[in-house]
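First comes the structure, then the notes that go with it.
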Amino acid sequence: MLDIESSALIDLIKNERSSDIPGLKKHLEEVAEECERSGKTALEVIENFGLLSRREMLELMAESLGSYVWNPKNGDISRDIIEMVDDNTARTHNVLPVQFDGENLYLAMARPLDYQVVETVHFILGHPVIPVPCDPDEFDRAFLRYYPEKVDSVADIVAEFGEHIEEIENDDEDHSNDAPIIKFVDVVMQQAIRDKASDIHFEPFEKDFRIRYRVDGALYELPPPPRSLATPVISRVKIISGLNISERRRPQDGRIQTKMNGRPVDLRVSCLPTSYGESVVLRVLDRSVVNLELDALGIGQDVLDKIREIIRLPNGIMLVTGPTGSGKTTTLYSALGEINNPEDKLLTAEDPVEYDIEGIMQCPINDAVGMTFQKALRAFLRQDPDRILVGEIRDFETAQIAVEASLTGHFVFSTLHTNDAASTITRLMDMGVEPFLIASSLAGVLGQRLIRRVCKNCKTMYTPTDEDLERLGLERAQVEGIQFCYGKGCPVCNNTGYKGRKALTELLTVDQEMRDMISAGAPANVIRDKACQLGMRTLREDGLLAIFNGETSVDEVVRYT
């Protein structure tokens with residue numbers, strides 16, 4: 001679905017320039033399709049298509065809004081004007097005050113046609129607001145000049161509520177558009193992004209309202225807001241993610257696009273009805289904190305070298321397996337980035353497309369309109385690809401087409417939910433794929449888990465205890481002279497003892513001997529034992545290596561392996 005800004009810009013150009021540009025309607029339909037496919041704004045796509053220049057579009061917007069195009073080079077903004085919009089409001093809604101005529105406040109905006117932002121800022125500030133278009137690139141540079149990073153904490157905002165809490169508790173009106181509620185939700189999202197959280201959880205209970213962040217795979221609770229804030233806060237999240245706030249009986253999915261210090265951040269929203277209200281989870285997709293390079297994943301060099309050999313094969317299937325949240329998608333993106341070159345055509349089918357990668361055709365899966373992994377994969381084979389990524393193999397048909405694709409000269413990347421690498425082969429057999437086809441097409445399986453790294457700032461070395469050795473199944477002689485580590489906790493890691501994550505992996509490579517075993521229908525434990533004989537390091541063994549290298553703790557390895 002098109003975002004508000006892009007939809008408004010397309011309508012504006014259609015109404016104002018239809019007589020000037022031949023075939024404009026068809027061109028704009030193509031623009032809308034490209035925006036939905038790539039996640040880019042209409043401003044970017046229209047400029048790339050060569051329909052209108054960026055300057056022409058900005059002037060068209062200014063004319064329709066009754067304002068002008070703001071250029072940061074025309075002079076400094078006075079401190080009095082800047083102070084009319086607080087740091088948090090400006091940063092969250094990406095607005096910059098540039099003029100006040102005694103009644104109207106003129107706000108420079110990179111997305112001036114987004115009426116929801118204009119209405120929200122009007123609610124917060126209490127002044128009539130007039131949007132002023134500005135080149136997005138120039139806006140970002142100017143914004144950081146006038147609003148250097150400074151973000152309120154959730155605890156500060158909860159403390160500020162005061163009498164407003166009583167007002168919410170004592171009436172039944174909708175408070176989702178009240179300025180304090182708007183500010184509270186903005187700060188929760190900003191703090192999560194600043195702390196590099198992967199998810200934000202809003203959870204209403206009978207007597208409590210809990211907000212938690214997931215950072216490095218672990219959930220941390222924020223200072224609990226009053227229970228009476230649950231309904232207006234969740235309604236506010238639904239409003240800005242384009243969901244139906246009156247529908248509280250069915251699950252809903254939405255999306256929020258925002259900016260943090262000038263960089264775009266995407267939040268995927270999931271809403272689930274529960275006994276005491278709606279549980280809402282926001283998945284934070286911040287490209288700036290995800291390093292999509294194989295070398296950044298923390299995978300051992302010997303395994304990395306084998307992965308690089310596999311992904312450069314002309315055909316075959318490479319599967320990454322593990323539970324939800326184990327970094328499978330990041331590993332696949334990193335592998336694609338490694339082989340992304342002008343000589344090869346790369347296609348992906350994803351649910352949803354999480355990161356836009358230059359040079360790769362990415363196709364979002366939409367079961368509601370019948371765009372399934374199977375249909376996408378069949379269509380891909382008619383697009384002359386060299387490499388294909390299928391987000392997940394969920395059923396026999398998808399597995400069968402993936403096998404067919406690999407046997408007809410394509411290399412296929414995908415994921416599967418199994419406990420370890422060896423179980424992947426029996427899982428494919430259980431789906432109905434013939435063993436000889438698995439043997440012919442499978443090139444490698446990477447089993448993966450994500451564990452937390454011990455914080456380097458408060459890392460403390462110690463001699464392992466007998467209890468540690470018992471938990472890991474080791475003898476004292478095996479760790480002679482080796483020190484283990486843990487994190488004491490410090491401000492750098494929010495007193496958790498951990499900072500950042502690394503991947504634990506086991507790579508099963510399929511050679512001729514392994515193919516013969518697979519064709520014969522060998523069970524998972526036999527395949528696992530043979531893989532280990534051929535040099536595969538299991539997840540537990542890779543975890544022990546991480547402990548011996550001082551990267552993680554005993555608790556983490558035991559928990560995930």
Q) Which pairs in the list K40/K502; K306/K530; K183/K238; K259/K456 are over 21 Å apart, alpha-carbon to alpha-carbon? A) K40/K502; K259/K456
Q) Tell me, Kirkwood radius of the chain from alpha-carbon pair distances, in Å? A) 26.5 Å
Q: Any cysteines in the chain with zero other Cys Cβ atoms under 4.7 Å from their Cβ? List them, or say none.
A: C35, C134, C271, C363, C485, C532
Q.
Between D76 and A368, what's the calculated FRET efficiency when r is the beta-carbon distance and R0 is 45 Å? Round to 0.05.
A. 0.35
Q. What residue among A477, G447, M461 has its Cα farthest toward the positive end of the dipole of region 441-483, where the charges are +1 on Lys, Arg and -1 on Asp, Glu, each on the Cβ?
A. G447
**Q.** Straight-distance crosslink candidates among lysines, where the alpha carbon sits under 20 Å from K375 and sequence neighbours closer than 8 are dropped
**A.** K345
Q. Across bins of 5 angstrom width beginning at 0, how are the C-alpha pair distances of region 254-406 distributed, in whole percent?
A. 2, 8, 15, 19, 20, 16, 11, 6, 2, 1, 0
Q | Phi to ³J(HN,Hα) by Karplus 6.51 cos²θ - 1.76 cosθ + 1.60 over region 483-495, Hz, x for Gly, Pro | A | 9, 8, 9, 8, x, 5, x, 7, x, 4, 10, 6, 6
Q.
Please give the Cα centre distance for region 73-142 versus region 1-19, rounded to the nearest Å.
A. 22 Å
Q | Cα lying deepest toward the dipole's positive end in region 1-47, options I21, I10, T41, charges on Cβ | A | I21
Q.
Taking amide H atoms as placed 1.01 Å from N in the peptide plane, list the residues 5 or more away in sequence, or in a different chain, whose amide H sits under 5 Å from that of C363.
A. T348, A349, E350
Q) Considering amide H positions built from the backbone, and no H for Pro or chain starts, which residues 5 or more places from I130, or on another chain, come under 5 Å of its amide H? A) L105, Y106, L107
Q: Please report, as a whole percent, how much of the solvent-accessible surface of the chain comes from carbon and sulfur atoms (probe radius 1.4 Å).
A: 47 percent
Q) Can you run phi through the Karplus equation (6.51, -1.76, 1.60; θ = phi - 60°) for region 550-561 and list ³J(HN,Hα) in whole Hz, with x for Gly and Pro? A) x, 8, 8, 9, 4, 4, 5, 5, 5, 5, 9, 10
(Q) Along the charge dipole of region 274-389, pointing to its positive end and built from +1/-1 on Cβ of Lys, Arg, Asp and Glu, which listed residue (M371, N315, L336) has its Cα farthest out? (A) M371
Q: Order F548, F396, F139, most accessible first, counting only protein heavy atoms with a 1.4 angstrom probe.
A: F396, F548, F139
Q.
Going by amide H atoms built from the backbone, whose H comes under 5 Å of the H on M260, apart from near neighbours?
A. V265
Q) When only DSSP loop residues count, what trypsin sites (Lys or Arg not before Pro) in region 181-236 have their Cβ near at most 12 other Cβ atoms within 10 Å? A) K207
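The values are calculated or read from the model by the stated rules, or taken from the named source; none is laboratory data. In this text the structure is predicted, and so the values were computed from the model without any measurement. Don't worry about glycine lacking a Cβ; one is built from the backbone with ideal geometry, like all the others, and counts go over all protein chains shown. We work out accessible area using only protein heavy atoms, side chains counted, and drop any ligands, DNA or RNA first. Shrake-Rupley method; radii C 1.70, N 1.55, O 1.52, S 1.80 Å.
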